[in-house]
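The structure under discussion appears below in the form of structure tokens.
The values are calculated or read from the model by the stated rules, or taken from the named source; none is laboratory data. Please read all numbers here as calculations on a predicted model, not as lab measurements. Glycine gets a Cβ as well: all are built from the backbone with ideal geometry, and neighbour counts include every protein chain shown.
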Amino acid sequence: MHIVIMGCGRVGSALALKLEQEGHSVAVIDRDPTSFRRLGPGFRGQTVLGVGFDRDRLREAGIERAEAFAAVSSGDNSNILAARVARETFGVQNVVARIYDPRRAEIYERLGIPTVATVAWSTGQMMRRLLLEGASEEWRDPSGTIILAQVSFHPLWIGHRIRWIGEMTGSRIAFVTRYGEGLLPEPDTVLQEGDLLHVVMRVDEKSQVQQVLMEPPKESN
């Protein structure tokens with residue numbers, strides 16, 4: 001697919017090189033001509049000098065045939081504006097914006113613009129590992145009805161099958177983090193000490209799922 005990236009800083013350049021490595025067509029937009037040096041001499045994609053919310057620069061970068069757009073410059077306002085132009089003017093459905101202010105990130109997520117709030121994500125990940133209490137929301141769908149959350153559990157759940165845990169909570173266990181790596185559970189995968197449970201559920205079911213998992217299981221599997 002063709003992907004347009006606004007911003008050629010550390011994140012944008014690394015993203016462009018990775019996407020190109022995986023066989024995608026990439027165009028990178030940045031207002032600083034020296035920033036393109038980060039791409040290195042082996043980069044075969046397109047570089048466009050200018051601002052990423054300028055419609056002419058976006059057209060030059062191939063936005064009209066792009067299947068995805070990433071706004072990863074150093075400015076929140078620029079990223080959101082570019083993301084909105086890509087989606088609302090050019091009809092790009094897969095749009096992501098990098099946001100430094102977590103309060104803004106939450107607002108734009110609710111408006112249907114997926115965001116990555118770097119500081120909030122890093123802090124949230126650390127907090128979830130330091131304070132294993134309750135349910136920590138990691139993702140929410142644009143309608144605000146479905147969430148993915150890391151949910152803590154009572155130690156007596158250890159040793160039970162992941163599928164059975166999902167049945168007991170009325171939710172779906174999306175994956176488990178084990179030894180720092182994501183694991184898609186098989187039907188017979190057993191919860192181990194140190195595992196992190198990531199659960200998909202409706203927002204209105206969050207309290208119920210959290211309550212069930214924070215108490216010892218009522219029956220064995």
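Points worth noting:
- Within segment 144-155, the set of residues being surrounded by fewer than 16 Cβ atoms within 10 Å (Cβ to Cβ) and either over 16 Å from residue 202 (Cβ atoms) or touching a Cys at 6+ places or on another chain (Cβ under 8 Å) (or both) comprises 154, 155.
- Residue check, residue 206 among the basic types (Lys, Arg) and free of Cβ contacts under 8 Å to residues at least 60 places away in the same chain: no
- Residue in segment 120-141 that is within 22 Å of residue 6 (Cβ to Cβ), modelled with pLDDT under 90 and in contact with a Pro (Cβ under 8 Å, 6 or more places away or on another chain) present: yes
- Breaking point among (1) at pLDDT 90 or above; (2) under 20 Å from the mean Cα position of the chain (by Cα); (3) not aromatic (Phe, Trp, Tyr), for residue 44: (2)
- Residue 158 vs. criteria surrounded by fewer than 17 Cβ atoms within 10 Å (Cβ to Cβ), within 17 Å of the chain's Cα centre (by Cα) and of a type in the set (Val, Ile, Thr): no
- Within segment 150-161, tally of residues that are polar (S, T, N, Q) and outside any loop (DSSP other than H, G, I, E, B): 1
- Residue 147 modelled with pLDDT of 90 or more, hydrophobic (A, V, I, L, M, F, W, C) and assigned to a helix (DSSP H, G or I): no
- Selection within segment 1-41 - within 20 Å of residue 87 (Cβ to Cβ) and more than 19 Å from the chain's Cα centre (by Cα): 1, 2, 24, 25, 26, 27, 28, 29
- Within segment 32-54, the set of residues being in contact with a Cys (Cβ under 9 Å, 6 or more places away or on another chain) and either more than 14 Å from residue 12 (Cβ to Cβ) or β-branched (Val, Ile, Thr) (or both) comprises just one member, 47.
- Residue check, residue 61 assigned by TED's automatic domain parsing to the domain that holds residue 13, over 21 Å from the mean Cα position of the chain (by Cα) and either buried (at least 17 other Cβ atoms within 10 Å of the Cβ) or closer than 13 Å to residue 28 by Cβ (or both): yes
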